[in-house]
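Before any comments, here is the structure.
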Amino acid sequence: MPRLTCKEILTILLLATLVGCTKGTSNTSSIDGSQYQLTSEPIGAIDVLKLRSTAANHDAVVVVGRIGGAQPWIEGLAAFTLVDSSLPACNEIEGDSCKTPWDYCCEPNLPTKQALIKVVNQQGEPLEVGAQELLKLKELQTVVVQGKVKLDASGNLSILASGVYIRP
C-alpha cells in the first residue's frame, strides 16, 4: 500500500474539514419560518387589484391573492408573486390542460394584476431562504399577507411582509 506524504495528509484533512463545516449551514436552518406564519387570518384583506389602485408607499396593508405568475418564486429569497384572486388559473379554464396552471398564461397584462411579496426581517431586508422552504408554500395557494407597501419609481408594487396566513 502506498504511503501518503505529509502534504497529501494535510490536504485530505483540510478537505474533510471544509466539507464538514459547510454541510448543513444553509440559511433554512438558521431562519425560523414560524415567526412569519400567521396562525389566524388578519381582518380587512383586500384583493391585489384594489390594492394596486389605492396603495401608497409605506401603507400598512393586508392583501389576499394566489401564488402564481410566470415565475412565482425568487430563488434564494423569501419572495413570491401574488395574483389577484379574481383571475382563473389555467386549470380552471375548461379544456385547458396546461402543465403549469399557476403561470396564468392566458391572462393579458398579468404584471398589472399581481404584486411581489417579500418576507422581510425586522430591518426590512428580504430573508435569504426560499419562500417555499421557509413557509411551506406552493403554487396556487391562497394566502393573506400582512405588511407594508413599497412602490418603486416605475410604479411596481411590492409588499414587505411581516406575516403570511395560508388559507385552508
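See the values below:
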{"read-out": "Cα pair count fraction exceeding 18 Å, expressed as % - region 107-153", "value": "42"}
{"read-out": "Proximal charge balance of Val63 [Cβ under 15 Å; K/R count +1, D/E count -1]", "value": "+4"}
{"read-out": "Trypsin sites (Lys or Arg not before Pro) restricted to DSSP loop in region 94-150 with at most 15 other C-beta within 10 Å", "value": "Lys99, Lys136, Lys138"}
{"read-out": "Value of D in µm² per second that Stokes-Einstein yields for region 50-131, Kirkwood Rh from Cα pairs, at 4 °C (1.567 mPa s)", "value": "93"}
{"read-out": "Convex hull volume per residue in cubic angstrom - Cα atoms of region 32-168", "value": "111"}
{"read-out": "Neighbourhood net charge (14 Å Cβ-Cβ; Lys/Arg +1, Asp/Glu -1) for Asn156", "value": "+3"}
{"read-out": "Using θ = phi - 60° and Karplus 6.51 cos²θ - 1.76 cosθ + 1.60, couplings along region 94-111 (whole Hz; Gly, Pro as x)", "value": "4, x, 8, 10, 4, 7, 10, x, 6, 7, 6, 4, 8, 8, x, 6, 3, x"}
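The numbers here are math on the coordinates, done by the rules we state, and not lab data. Bear in mind the structure is a predicted one, so any value in this text is a computation, not a measurement. When we count neighbours, we look across all protein chains shown, and the Cβ atoms used for this are built from the backbone with ideal geometry, even at glycine.
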